[in-house]
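Following: one structure in structure tokens, then a few remarks.
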């Protein structure tokens, strides 16, 4: 069987700049995944026949009621991650975007999936945050976020035998 990954789009709505920036997070509930954790206010799977840019804009509209133009999405990082259990649903490629321009006032729309919505300084994130998202938020705060990241894989490359 071929290896497959599930693509997802994450939109980090930001206000302010640098270390003083704030990010909009939602408190997950009723989803079966990391309920009770804070997470990106707008995120979700890329659907069939949909680009990741369209998915990001759609998720922002569905989850927090804001309209975003694809040109206002700033690519932050692409994260290849795993739960290392070989379950297809747990093999992921996540596309993280920053967004500082949108139309509308963010508000909680999916109350069955989120208990709260709030702005938090990147320097003072709430507890707990979904671990792979915390990794991105902390790297963003420190301005050390590479274009491609990995999460959940062994920390080093396997050793090769000398020929």
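Derivation of every value follows stated rules applied to the coordinates shown; laboratory data play no part. It should be emphasised that the depicted structure is a prediction, and the values quoted were computed from it without experimental measurement. Here the Cβ is made from the backbone with ideal geometry for all residues, glycine too, and neighbour counts use every protein chain on show.
Of all residues in the range 45-74, those satisfying the criterion of being outside any helix (DSSP H, G or I), on the phi < 0 side of the Ramachandran plot and in contact (Cβ under 8 Å) with a residue 24 or more places away in the chain are 45, 46, 66, 67, 68, 69, 73, 74. Checking every residue in the range 107-117 against the condition of being without any contact (Cβ under 8 Å) to a residue 12 or more places away in the chain, in a loop (DSSP other than H, G, I, E, B) and closer than 26 Å to residue 57 by Cβ gives at least one match. So residue 13 ticks every box in (1) free of Cβ contacts under 8 Å to residues at least 40 places away in the same chain; (2) over 15 Å from residue 132 (Cα atoms); (3) in a strand (DSSP E or B) but one. Which box is left unticked? It fails just one condition, (1).
Answer yes or no: is there a residue in the range 22-35 that is surrounded by fewer than 20 Cβ atoms within 10 Å (Cβ to Cβ) and assigned to a helix (DSSP H, G or I). No. When the range 75-94 is limited to residues that are part of a strand (DSSP E or B) and more than 13 Å from the chain's Cα centre (by Cα), the one that is surrounded by the most Cβ atoms within 10 Å (Cβ to Cβ) turns out to be 91. The residue that is nearest to residue 78 (Cα to Cα), among those in the range 9-21 that are surrounded by fewer than 21 Cβ atoms within 10 Å (Cβ to Cβ) and touching a strand residue (DSSP E or B) at 6+ places or on another chain (Cβ under 8 Å), is 14.
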